[in-house]
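Below is one structure, written out as structure tokens; comments come after it.
The values are calculated or read from the model by the stated rules, or taken from the named source; none is laboratory data. This structure is a prediction, so every number in the text was calculated from the model and none was measured. So basically every Cβ, Gly included, is an ideal-geometry build from the backbone, and we count neighbours across all protein chains shown.
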């Protein structure tokens, strides 16, 4: 039994290594921040989304008086960002979330975008996106998250974190690996979730 378990872990590790094997420009180096030329405009920091703390149940108030069954589980991906210009008309945050099935080595990349309007100069602006319950139930737990900040059509900063295993970080810019084809519709902005009124004033206006 023990030898079978060891073999299964080795097989899963080999498949993951094949899927996320380095291609041109992909080094096996952990990347917390990938600073771009526009870093003076906007800087990302404090990315969250992996682990149990990211899981959130639908608030009861959003279910009204027709509640049936238990609240569903979502995952919140959050990030903070500092801005230097006096005002930015728009900032778009592209969120990428890597999921791994619990019973096999399948990896699924889901994505979504959130656009904020009229961002004044300041620090620790907050951005967030939410992974739908169906994605977690169908594709497994989150092992990696990444976010790109786009201003006037240019990616000015990016931030990522995640691990394949406790001692094996994800490759540099893993979300750009052509072997991972992202699925749309599973990562939503706050307005499309039951959390729309939770800490409402902590965030900039959504487009």
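In the list 92, 83, 50, which residue meets the criterion of being buried (at least 17 other Cβ atoms within 10 Å of the Cβ) and outside any strand (DSSP E or B)? I'd like the intermediate steps shown before the answer.
Numbers: 92 fails: outside any strand (DSSP E or B); 83 fails: outside any strand (DSSP E or B).
Exactly one residue qualifies, and that residue is 50.
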Residues in segment 126-133: is at least one modelled with pLDDT of 95 or more, surrounded by fewer than 16 Cβ atoms within 10 Å (Cβ to Cβ) and either in a strand (DSSP E or B) or touching a strand residue (DSSP E or B) at 6+ places or on another chain (Cβ under 6 Å) (or both)? yes
Is it fair to say residue 164 is on the phi < 0 side of the Ramachandran plot, in contact with a helix residue (DSSP H, G or I) (Cβ under 7 Å, 6 or more places away or on another chain) and at pLDDT below 95? yes
Out of curiosity, is residue 109 farther than 25 Å from residue 89 by Cβ, at pLDDT below 95 and either part of a strand (DSSP E or B) or out of contact with any strand residue (DSSP E or B) (no Cβ under 6 Å at 6 or more places or on another chain) (or both)? no
Please state which of the following conditions residue 65 fails to meet, knowing it meets all the rest: (1) under 27 Å from residue 42 (Cβ atoms); (2) modelled with pLDDT under 95. (1)
Quickly run through segment 179-193 and pick out the residues that are touching a strand residue (DSSP E or B) at 6+ places or on another chain (Cβ under 8 Å) and either modelled with pLDDT under 90 or in a loop (DSSP other than H, G, I, E, B) (or both). 180, 181, 182, 184, 185, 186, 189, 193
Does any residue of segment 114-124 turn out to be part of a strand (DSSP E or B) and in contact with a helix residue (DSSP H, G or I) (Cβ under 7 Å, 6 or more places away or on another chain)? no
